[in-house]
Amino acid sequence: MKKNTILPYLLLLITIMSCGQKKEEKKELEDLTKYVSTLVGSKSDFRLSTGNTYPAVATPWGMNFWTPQTNNNGDGWAYMYQKDSINGIKQTHQPSPWINDYAAFALFPMVGEVKFNEKERQSKYSHDTETAKPHYYSVDLETYNTRAEVTPTTRGAVFQFTFPQSGESSVLVDAYHKGSYVKIIPEENKIVGYCKNNSGGVPDNFANYFVIVFNKPFKTQGTWNGKDATSSKEVKADRTAGYVTFDTKDGEVITAKVASSFISIDQAEITLKREIGEKSFTTVKEEAQYAWNKEFNKLMVKGGTQRSMENFYTSMYRTLLFPRKFYEYDANNKLVHYSPYNGQVEDGYMFTDNGFWDTFRAVFPFFTVMYPELNSHIMAGLVNTYNESGWLPEWASPGHRDCMIGSNSAAIIADSYLKGIRGYDIETLYAAIIKNTKNHGPLGSVGRMGVDYYNDLGYIPYDVGIHENTARTLEYAYADFTIMELAKALNRPQEEIDLFRKRADNYKNVFDPSTNFMRAKMKDGSWQTPFIPEAWGGAFTEGSSWHYTWSVFHDPEGLADLMGGREAFAAKLDSVFSTPSIANHDYYGFEIHEITEMKVADEKYGTGQYAHGNQPIQHGIYLYDYVGQPWKAQKWTRKVLKDLYSPTPDGLCGDEDNGQTSAWYVFSALGMYPVAPGTGEYAIGSPEFEEATMSLENGNTFKVIANNNNEKNVYIQSAKLNGKDFNKTFITHDQIMAGGELVFEMGDQPNKNWGTAEDSAPYSMSREK
């Protein structure tokens, strides 16, 4: 492994003023951005996802991202690595191509005739002249002999356009469709405007207001109303654009400073002055790079290959993108936000662009370890969401979106509170959780669809018109476990605790002992027939019974009892990896990309029915810890880390999904994984690095050391925690937060005596007396 270099430009005692924050001293940091590939997963399309990502130029959890655009405005696949032309660098808020974007506008330099249509204006480019980092993007636009560069702040950016000698060098501002406005103010070298494009989940008054200030007076300017271009300085239409032209010398750089706001143009002006002001492009770039390195340096790994270093910090980058900060600071530095729920400007935190169905599994548990203060702010934002909309968000972008299933906000909230994170109104959040357990919301993803059947029968029947019924039953049962644990911590009445304890057992109602699978059940109590375990959809969500049978996060031992004991459970889990990746897609009418990705992984790496490219079974490998065969968890975690992740444009085995698939990598590379948020435990796998150092917010440091570790020595021979023998296949949140060292001795053969005792296993609800 190459030794990390120290950032040459970072000096001690240099201070930076962040909006709404105190001055802080900059420390010397190792440059870990060099390991990050923002292009990972961008060689995707509708039929096959290798991540379904785009190269986001951003700060951690930034309100806005920026990305090059290769496809038309409004296309969910805005940047596709396999395309050879770029037509803009756009501000984006897209969390997923399936959710699509909102509040997008783009800047694009040209030479010669100003062209407005994306296909007409696009320029050829080469990946050889493209640089894509978290804090910086540049590309040579061959058609125009021009270079475009961008570097971000939390709510803005600075662009540089390097032009050839020309009297017709121009910059286009495309404000997109679905309602937009552009005004050019030549005397201030400025363009202002707004864009209203969205994909749903917004009030009628939704808009993104932008301000763009150039460093040079305009030669000419004009606007476009979607049909005709004129010399008018102001335009409002369904689709608008504005442009400004310059006389440029060869190699002359035109700078554009940009900020935006969901509140007003005036607020965008305030943000521009505060976040950018008189700073140069270089200064903003250095600050953005520092922002990323500040986070990366909190989790230092060493003793891995170059590829594993790249995978790790690329995964950490993606884990720290979402949810985005959807709040701003007004002229008095007061924290405010535009509410995507009621359309008003409200006080306090707001976060968005997140699907909890994905991220409750590992992203939010990661925040509880490394970022408890951020986690507290997110919880405060959930309080505001509930107060402003009447519901907790399950998929927000920026407001409620009708996507996915479950009641997974309960797990996120309970996990936060049970780990001691405070600073928000837990009573309001608990009331919101309880409301979910009693009501079907205005959208399928809000509240609980099928709640009456679930509460009355203990499951949601297959034949009552509610799709993905068995998956909902399983996810509600786990949510009810987390509610039970939270109710205990809040000293709720015992009958309330007992109610959710009973419902946490509802997974048993959809387990068929004759097949050893979770299975759809009819309203009369009979099983749905014919039963096809490899049938995707129908009773399940983006998976089959092969995947959802293991969705008993809170009680693997109880599931093992249903299957006939620990040995039977382990044998069934073995069969996931050994059964060919056949799939029935009759429910969809075509082979969805998640099925294709499972088959591709099986064909290349022999992973069978294990579909790591989607979330339902990503915890499955770690279930071996619960039944006395942890060496299999060690084997499979290292295989997945090695085979199913690569820091390349085609490097992921399915949708990355708001950081979840990346957070799986980060946790697993550390040698642990949060199988059941709400239990305060992390199941042990096999660490990928010789040493990992976690610098915690409370000032403590926790290290994971793996002696004699390499690609062959994946098996734990023995372990010590703070110098004492350690035989558990889990570590607790409290043990990590207290600081210390977990030291593993690794070998190339499994030690079938380590961690195999029943009391070595992680938490299962059925073990509680």
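Where a number appears in this text, it was derived from the coordinates with a stated rule and is not lab data. Quick caveat, the model's predicted, so the values are computed rather than measured. Because the Cβ atoms are built from the backbone with ideal geometry, glycine has one as well, and the counts that use them run over all protein chains shown.
Brief remarks follow.
- Fewest-first sequence of Ser544, Ser231, Ser718, Ser49 by Cβ atoms within 10 Å of each Cβ: Ser231, Ser718, Ser49, Ser544
- Secondary-structure-derived ellipticity at 222 nm for the chain, considering helices only, amounts to -8000 deg cm²/dmol, per-run term -39500 (n - 2.57) for DSSP H runs with n ≥ 4.
- Distance histogram in 5 Å bins (all Cα pairs of region 15-296, percent per bin): 1, 6, 13, 17, 20, 18, 13, 7, 3, 1, 0
- The peptide list 154-164, 473-483, 185-195, put in order of mean Cβ contacts within 10 Å with the highest first, becomes 473-483, 154-164, 185-195.
- Between Lys273 and Asp456, full extension at 0.36 nm per residue minus the direct alpha carbon distance yields a gain of 60.1 nm.
- Pair Leu48, Asn707: separation of 7 Å Cα→Cβ label points (nm): 4.5 nm
- Positive end of the dipole of the chain (Cβ unit charges, origin at the Cα centre): among Trp636, Asn375, Ala583, the Cα lying farthest that way belongs to Asn375.
- Extension gain for Asp84 to His127 (0.36 nm times residue separation, less C-alpha to C-alpha distance): 14.6 nm.
- Cα gyration tensor category, rounded, prolate or oblate, for region 658-763 with a/c compared to 1.5: rounded
- Sorted peptide list for 492-501, 361-370, criterion being average Cβ within 10 angstrom, highest first: 361-370, 492-501
- For region 398-503, the convex hull drawn through the C-alpha positions has a volume of 101 cubic angstrom per residue.
- Note on the chain: the C-alpha convex hull projects to 31.1 nm² when averaged across all orientations.
- Remark: for residue pairs Lys233/Lys325; Lys27/Lys257; Lys178/Lys216; Lys83/Lys298; Lys294/Lys639; Lys178/Lys227, the C-alpha separation exceeds 25 Å in Lys233/Lys325; Lys27/Lys257; Lys178/Lys216; Lys83/Lys298; Lys294/Lys639.
- Counting only aspartates and glutamates at least 8 places from Lys115 when in the same chain, those with an alpha carbon closer than 19 Å to its own are Asp84, Asp140, Glu142, Glu168, Asp174, Asp228, Glu234, Asp238, Asp247.
- Using 0.36 nm per residue and subtracting the Cα-Cα separation, the extra length available between Arg307 and Val253 on full extension is 15.8 nm.
- Mean Kyte hydropathy of -1.0 or more with a Cα span along the axis of at least 27 Å, helices from DSSP in the chain: 469-489
- Cα shape, region 190-282, gyration tensor, a/c 1.5 rule: oblate
- Listed peptides 656-663, 708-715 by packing density, highest first (mean Cβ within 10 Å): 656-663, 708-715
- Asp498-Asn700 pseudo-label distance in nm [points 7 Å out on the Cα-to-Cβ vector]: 3.7 nm
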